[in-house]
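Shown next, in structure tokens, is the structure this report addresses.
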Amino acid sequence: MSEWLVLTLAMVAATAVVLTIAVLSNRRLPEDDDPSETPDVIEYMTMMIGVIYAIVLGLAIAGVWEGRGAAQEYVRQEAQALHEVSERSAVYPQEVRTRIRADVDAYVSYVVHDEWRTMTEHGTLSDRGTELLDRVRDDVTDYRPKTDHEGQAYQPLVDQVAAADDARSARGQSAGATMPGVVWFGLVIGALVTVGLIFTLQIRRTFRELLLAGLFSVLIAFLLFLIWDFDSPFGRGFSATAAPFLDLFPGAADRP
């Protein structure tokens, strides 16, 4: 059973139960019942709907913000691991060291200038990036240490390559939108209901009331835009950046 069908059934069932209880209650009212003596609950219901929707908006913003922070942390971990590979390879012979550092630099340059654009436009990693990282792994694992010092550095280098690969995979999983469609459905419908309830309070056309209604609607629209913008950690305005790569590999910024 799809989530949309479950949602539809739940909403229909809840509405049917409430309307049934309301109809049965009205039928049992005595003929001399005075509605004016019953407290008007519409303002209370409007307030509660606004509070509930504010909580939902807050949770949604916190969720997408946490996702963006996690995506940025994956970038930092990947860049740091590659930096460790480049630095720790200093114990290897010059030919091996040069090859490892050249391949690390080529991978970083590709990520910053090409793969980042692929994530932004398509929300996925590229096969070329995988090939370049595999080349770095082969450089590290194919070398056979010839001294105890090189042997002690071998396993940490392998571990750092594995850490970079793991962080890259996590970065790829964070590249797309994280907010499910059913949540967006609830946010949009909730916004329409919350703003629409303004008109149940007999709003007049005075400048003050119209201004407050307009500002409230603008605030809701801004918060929804904020959620939409944060929902894609690598694809929109307030997105994760490649700053950790550029900080640890300054030369990557100058490469085409």
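See the values below:
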item: Neighbour-count order for Trp116, Trp228, fewest beta carbons within 10 angstrom listed first; result: Trp228, Trp116
item: Burial ordering of Glu84, Glu121, fewest other beta-carbon atoms within 10 Å first; result: Glu121, Glu84
item: Nitroxide proxy distance, nm - points 7 Å out along Cα→Cβ at His113 and Ser169; result: 2.9 nm
item: Vicinal HN-Hα couplings computed from phi for segment 117-124 (Karplus, 6.51 cos²θ - 1.76 cosθ + 1.60; Hz; Gly/Pro x); result: 5, 5, 5, 5, 8, 10, x, 9
item: Phi to ³J(HN,Hα) by Karplus 6.51 cos²θ - 1.76 cosθ + 1.60 over segment 224-234, Hz, x for Gly, Pro; result: 5, 5, 4, 5, 4, 5, 6, 5, 10, x, 10
item: Karplus-derived 3J(HN,Hα), 6.51/-1.76/1.60, for each residue of segment 61-78, Hz, glycine and proline x; result: 5, 4, x, 6, 5, 5, x, 5, x, 5, 4, 5, 5, 4, 5, 5, 5, 5
item: With eigenvalues of the C-alpha gyration tensor scaled by 5 and rooted, segment 41-251, Å; result: 52, 14, 13
item: Which of Met45, Met179, Met119 has the fewest Cβ neighbours within 10 Å, and the rest in rising order; result: Met45, Met179, Met119
item: Local electrostatic count, Gly129, Cβ distance below 12 Å [Lys/Arg +1, Asp/Glu -1]; result: -2
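Throughout, read-outs are computed from the coordinates displayed, never taken from laboratory work. Quick caveat, the model's predicted, so the values are computed rather than measured. Cβ sites come from the backbone with ideal geometry, for glycine too, and all protein chains shown count toward neighbours.
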